[in-house]
Amino acid sequence: MQLDRIMMVLEYVAAADRPVSATELHKLTEIPKPTCYRALQKLAENGFIEDVEAAGRYAIGHRLRAAVLQGQSNFDVCEATRPFLKEAAGEYDEAVFLSRIRNNGVEIIHVEAPANSRSGFIHPGLGFRPIHACSCSKAILAFADSDLLMTAMKTPMKQYTDKTYTEIDQLKRDIAQVKVKGYAECLEEIQTGVSSVAVPIFMANVGTIFSIGCIGPVSKFNATRRAEIGASLLGLVGRISQAIQMYAQVAHGAAI
């Protein structure tokens, strides 16, 4: 089957404001109906579209949604989430950061600091983080697909401090706790005297490709404070997820 016909079918499904059938696509594209059926089947098999309620009417699928979201530029994602990070930074009086999966790694792409800090704050910096040691990585790792976990297990676990996990079994136990609590912690695992808390941002029909976290000194980030911030961030992620998806929908012109 010609690739251009498959792509034409996919483009029409993505642009439609409702699920469409092979008959409708045949009329819209003038592609022979048997070819439309085969294109729809091939796209559905690969997760780019899905048969809504098994009724022979198709809408975009999880794989295309994920591609759209993962393809968003850092600028777009940061613009969509900036107000929420600012709000949280002001409330906690600490720096709040946004992270995302990129090339089987996790990187911090945006940081908001408290506008009028009462006691100073720690800036986490931007860029990739150790997948086994940072709260932002572990928050995503616990709920992302198995490929990222396999990458983490194959990557040498560098020791940054005497509290860094360097064994796979240690990491697995930590990830299991993240799934129970809903948030991840980094307790002086990268830098002595510094801890952080992060939660996954679940994207409907896609999964977890972003996280939001907060960083501070261990003198202020005791267990009670970490639990409070973790719970607060969990209450924020629903709005952040909606903002990211709405921004992507406007930018790409298709419901995701």
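Read-outs throughout are calculated quantities, based only on the coordinates presented, and are distinct from any laboratory measurement. Since the model is a prediction, treat every value here as computed from it, not as a measurement. For neighbour counting, all protein chains shown are included, and Cβ atoms are generated from backbone atoms with ideal geometry for every residue, glycine included.
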Could the peptides 31-42, 164-175 be put in order, highest first, of the mean number of other beta-carbon atoms found within 10 Å of their residues?
31-42, 164-175
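Please get the size of the charge dipole for the chain, origin at its Cα centre, with Cβ charges of +1 on Lys and Arg and -1 on Asp and Glu, quoted in debye to the nearest 20.
In debye, rounded to 20, the chain gives about 180.
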Cross-link partners among lysines for K163, C-alpha distance below 17 Å, same-chain residues fewer than 8 apart left out?
K138, K172
For E228 and K42, FRET efficiency with R0 = 45 Å and r from the beta-carbon atoms, rounded to 0.05?
0.35
What three numbers, in Å, describe the spread of the alpha carbons of region 72-252 along their principal axes, ordered from the longest?
44, 41, 27
So what is the relative contact order of the chain, in percent, for Cα pairs below 8 Å that sit 6 or more residues apart?
17 percent
Quickly rank 104-112, 153-161, 43-51 as a protection proxy: mean count of other C-beta atoms within 10 Å, highest first.
104-112, 43-51, 153-161
